[in-house]
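Encoded as C-alpha cells, the structure appears first; notes follow it.
The values are calculated or read from the model by the stated rules, or taken from the named source; none is laboratory data. All values reported here derive from a predicted model rather than from experimental measurement. Glycine gets a Cβ as well: all are built from the backbone with ideal geometry, and neighbour counts include every protein chain shown.
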Amino acid sequence: MRTVIAVTNVKGGVGKTTSAVYLAGAAIRSGRGPTLVVDADPQASSAEWLEESPVAGVRLVEAPTARLVARAMEAGRERLAIVDSPPGDEKTVRAVLERADAVVIPTRVGGPEPSRVRATIEMVAPAVPRGIVICAARTGTRDLEDTIASWEDEGEAIWGVVPERVAIASGAGAPLSIVGLVHYENVLIRALDRPRRRPAGR
Ligand SMILES: Nc1ncnc2c1ncn2[C@@H]1O[C@H](COP(=O)(O)OP(=O)(O)OP(=O)(O)O)[C@@H](O)[C@H]1O
Ligand SMILES: [Mg+2]
C-alpha cells in the first residue's frame, strides 16, 4: 500500500517545490526505500530539479492536470509518493488533496500568508492529517515566534520550521544540503506519524 504526501498551498512561491524535493531526499536518506515524486505543476520545477540533479531511488513523474495527477498518484510500486502541487489551479489541487494521506502546507512568515494557508486547509478533508511547515524562516526573530504562536492558537500543527539557508535555496545543480535534509526528515516523520487510513481495496 502506498502513502501519498501532498505538498500544497494555493499561494505561489512559499516553498512547495523545495519541500517536495527535500522530503523525497529525506525519505531516501532515512532508508524508506524507492520514492515517487509527482510534479503536478505545469511549471515543472521539481521535474527540472530532479532531472538536473537526480536523487538515486527517486522516480519522477510529470502530471500537470487533475486527470494525470489522479492516475500518477496510483501508478508504480513505490510505497511513498510526494506530490508537488501548483499554485492556483484549484481543480488539480483538489485532485491531489482527494488522494492525499497527509498534507504538508509550506508557508512563510508574515504578509498575506495566513489567509492563503486557511484557504488551503479548507480544501483538506478533516480526517486527513495536515501540518504547516514554515519555510525560509529567520530563526530567533520575533516575527517567527509570533507566527508559530498564532498557528498554535488556531490549533494547527507545525510540522517544521526550516531555516533560511543559501544551501537550501540553491536548487538544482547543487546536492541537497544536509541541514535541509535533516529538517525535512523531521517533517516526514510527522507526516507519516498517523496517515489517513484508506478503506480496503484502495
Ligand atoms: N529554507 C529555505 N531557505 C532559503 N530559501 C528557500 C528555502 N525554502 C525555499 N526557498 C526559496 O524560496 C523560493 C520559493 O521556493 P519554491 O520554488 O520551493 O516555492 P513554490 O511554492 O514551489 O513556488 P511556486 O508556487 O512558484 O511553485 C525559491 O527561490 C527557493 O529557493
Ligand atoms: Mg513550485
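Worth pointing out:
- In the range 154-176, of all residues being more than 21 Å from ILE132 (Cα to Cα) and without any contact (Cβ under 8 Å) to a residue 60 or more places away in the chain, the one that is surrounded by the most Cβ atoms within 10 Å (Cβ to Cβ) corresponds to SER170.
- Test for ALA6: is it touching a residue at least 40 places away in the same chain (Cβ under 8 Å) and over 19 Å from VAL187 (Cα atoms): no
- For the range 23-44, the tally of residues that are surrounded by fewer than 24 Cβ atoms within 10 Å (Cβ to Cβ) and either within 8 Å of ligand 1 (Cβ to nearest atom) or basic (Lys, Arg) (or both) stands at 3.
- Considered as a group, the residues in the range 8-22 that are more than 8 Å from ligand 1 (Cβ to nearest atom) and outside any helix (DSSP H, G or I) include one that is nearest to ARG194 (Cα to Cα), and that residue is THR8.
- GLY25 touching a strand residue (DSSP E or B) at 6+ places or on another chain (Cβ under 9 Å), over 14 Å from VAL96 (Cβ atoms) and either assigned to a helix (DSSP H, G or I) or of a type in the set (Ser, Thr, Tyr) (or both): yes
- Entry remark, the range 86-101: residues being away from ligand 2 (no atom under 16 Å from the Cβ) and closer than 14 Å to ALA20 by Cβ number 1 in total.
- Where a residue in the range 85-104 is modelled with pLDDT of 95 or more and its partner, wherever it lies, is within 12 Å of ligand 2 (Cβ to nearest atom) and part of a helix (DSSP H, G or I), with Cβ under 9 Å and at least six apart: SER85/LYS16; SER85/ALA20; PRO86/LYS16; PRO87/LYS16; VAL104/LYS16; VAL104/SER19; VAL104/ALA20
- Some residue of the range 45-60 being near ligand 1 (Cβ under 10 Å from one of its atoms), closer than 24 Å to ASP193 by Cα and charged (D, E, K, R): no
- Residues being touching a Pro at 6+ places or on another chain (Cβ under 7 Å) and without any contact (Cβ under 8 Å) to a residue 40 or more places away in the chain - total across the range 131-149: 2
- Residues being surrounded by 17 or more Cβ atoms within 10 Å (Cβ to Cβ) and under 17 Å from ALA149 (Cα atoms) - total across the range 115-129: 1
- The single condition among (1) at pLDDT below 95; (2) within 16 Å of ligand 2 (Cβ to nearest atom); (3) surrounded by fewer than 17 Cβ atoms within 10 Å (Cβ to Cβ) that PRO112 does not satisfy is (2).
- The single condition among (1) over 13 Å from THR17 (Cβ atoms); (2) within 16 Å of ligand 2 (Cβ to nearest atom); (3) modelled with pLDDT of 95 or more that ILE82 does not satisfy is (1).
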